[in-house]
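This report concerns only the one structure given below.
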Amino acid sequence: MISDLQLNEAAEDLRNGRLVVIPTETVYGLGANALDATAVAKIFELKQRPHFDPLIVHISDQADLKTLVRHVPEKIQQLMDQFWPGPLSVVLEKLPIVPDLVTSGLDSVAIRCPGHQTARSLIRLAGCPIAAPSANRFGAISPTTADHVREQFGHQSPKILDAGACEIGVESTVVGYHQDEVVMLRPGGITRESMETLIGEVRIAGTDNESPSSPGQLTKHYAPRTPLKLVEHGRPIASDTKVGLLTLSPESEAEDLRGFQAVEYLSRDGCYRQAAANLFAAMRRLDALGLDQIVARPVGNQGLGLAINDRLSRAAAKS
Ligand code: TXA
Ligand code: MG
């Protein structure tokens, strides 16, 4: 439990330009006052994040949106009404008050109203929007517990508000708006199907040359140190090597497990919600075993499966 005192101190830190690690329902975030460019610069420094990769700005109430963006298209409004507070970030045309450092010089800014109570209370107390990327070094696995953050930053870690494990476990879905269409820039905690039920077709970025892309969607990301390979079947390297398996459930992995040194099931029952919540921690556990390779099995692309497969294929990418 986080006390009022801890919350007040963290809000004070944010107001004074310091960083605070904040719990959200997706992953832990490395937060700074979004309107203070000097504070935001500390995020890029600690994360070793390239400046072309813009940040998400977190607000505690939809009403705060109008202080940050110019205009909200109808379909984006419908999505916010339905899914906020929650794991959805919307990219909209920014107002000048948002520092260029936050948006990497883009005219647009990504905004999210998180579902996590502590995150919203903190933003309210701080009295400013909070820019927060996932609290890991650039390209590394996102943290879903406070311990993951401590392991990553060690003595360099800012104050951490420890609220236990993140419920959703994969980052927010990022959507933009382009030529009268909603475009999904990153799959995440809100599924494409649930958005389409509400507003009709949602395009996936990168499926044509017209739709904009998200600068942070580099191929290699969320990566363990151990080489990870995404394959449907089998064990692709020599028999004298140590290989770990990351797979959905015992049922999905009906094959012989004797070739594997370790196995991580994302969900015993094959539930995607549970699999998403376990994904990054399972990847870290395998990464800690000193294996030669991790073999990961893709899941189905429906629901949260799209976000799970996205993270797995980025963890597997060469660069
Ligand atoms: O769940 C989440 O979204 C977490 C928690 C902490 O809120 N945050 C997070 O932030 O995942 P980060 O920095 O790891 O990812 C931000 C993503 C990147 O892919 C970035 O390119 C995209 O959002 N993004 C941010 N601003 C954008 C913009 N103006 N246009 C397009 N994409 C943008
Ligand atoms: Mg990240």
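Assess whether Gly244 counts as being within 16 Å of ligand 2 (Cβ to nearest atom), of a type outside the set (A, V, I, L, M, F, W, C) and either under 16 Å from the mean Cα position of the chain (by Cα) or closer than 24 Å to Gln274 by Cβ (or both). So Gly244 fails the test.
Evaluate segment 148-160: report whether one residue or more is crowded, with 17+ Cβ neighbours inside 10 Å, out of contact with any helix residue (DSSP H, G or I) (no Cβ under 7 Å at 6 or more places or on another chain) and free of Cβ contacts under 8 Å to residues at least 24 places away in the same chain. Among the residues of segment 148-160, at least one is crowded, with 17+ Cβ neighbours inside 10 Å, out of contact with any helix residue (DSSP H, G or I) (no Cβ under 7 Å at 6 or more places or on another chain) and free of Cβ contacts under 8 Å to residues at least 24 places away in the same chain, which makes the answer yes.
Taking Arg273 as meeting all but one of (1) basic (Lys, Arg); (2) away from ligand 1 (no atom under 14 Å from the Cβ); (3) within 30 Å of Val109 (Cα to Cα); (4) assigned to a loop (DSSP other than H, G, I, E, B), write down the number of the exception. Tallying (1) basic (Lys, Arg); (2) away from ligand 1 (no atom under 14 Å from the Cβ); (3) within 30 Å of Val109 (Cα to Cα); (4) assigned to a loop (DSSP other than H, G, I, E, B), Arg273 fails exactly one: (4).
When Pro54, Pro50, Pro87 are checked against the criterion of being closer than 20 Å to Gly139 by Cα and modelled with pLDDT of 95 or more, a single residue qualifies: Pro54.
Filter segment 161-202 down to the residues that are at positive phi and surrounded by fewer than 23 Cβ atoms within 10 Å (Cβ to Cβ) and list them by number. Result: Gly164, Gln179, Asp180, Gly200.
Would you check which residues across segment 42-65 are loosely packed, with under 15 Cβ neighbours inside 10 Å and either within 22 Å of Gln117 (Cα to Cα) or hydrophobic (A, V, I, L, M, F, W, C) (or both) and list them? Passing the criteria: Phe52, Asp61, Ala63. Residues in segment 1-41 that are in a strand (DSSP E or B), aliphatic (A, V, I, L, M) and either within 14 Å of Thr118 (Cβ to Cβ) or more than 16 Å from ligand 2 (Cβ to nearest atom) (or both): Val20, Val21, Ile22. Being in contact with a helix residue (DSSP H, G or I) (Cβ under 7 Å, 6 or more places away or on another chain), assigned to a loop (DSSP other than H, G, I, E, B), in the same structural domain as Arg186 (by TED's automatic domain parsing) and of a type in the set (S, T, N, Q) is a property that Ser60 has. Within segment 258-291, the set of residues being of a type in the set (D, E, K, R) and within 13 Å of Leu245 (Cβ to Cβ) comprises Arg258, Glu264, Arg285. The set of residues from segment 227-243 being farther than 28 Å from Arg49 by Cβ and either at pLDDT below 70 or in contact with a strand residue (DSSP E or B) (Cβ under 9 Å, 6 or more places away or on another chain) (or both) comprises Val231, Gly234, Arg235, Pro236, Ile237, Thr241, Lys242, Val243. Those strands (runs of 3 or more DSSP E) of segment 130-226 in which 3 or more residues are modelled with pLDDT of 95 or more and hydrophobic (A, V, I, L, M, F, W, C) occupy 181-186.
A single entry from Pro143, Pro133, Pro99, Pro129 fulfils the requirement of being at negative phi and near ligand 1 (Cβ under 8 Å from one of its atoms): Pro133. Candidates in segment 103-118 are the residues that are hydrophobic (A, V, I, L, M, F, W, C) and near ligand 1 (Cβ under 8 Å from one of its atoms); of these, the one that is farthest from Ile130 (Cα to Cα) is Leu106.
Ser214 falls short on exactly one of the conditions (1) in the same structural domain as Val109 (by TED's automatic domain parsing); (2) within 14 Å of the chain's Cα centre (by Cα), and that condition is (1). For segment 89-102, filtering for residues that are away from ligand 2 (no atom under 16 Å from the Cβ) and under 17 Å from the mean Cα position of the chain (by Cα) leaves 1. Given the structure, is Val98 under 22 Å from Ile190 (Cα atoms) and either in a helix (DSSP H, G or I) or at pLDDT 95 or above (or both)? The answer is no for Val98.
The values are calculated or read from the model by the stated rules, or taken from the named source; none is laboratory data. Here the structure is a predicted model, which means the values were calculated and not measured. Cβ: placed from backbone, ideal geometry, glycine included. Neighbour counts: every protein chain shown.
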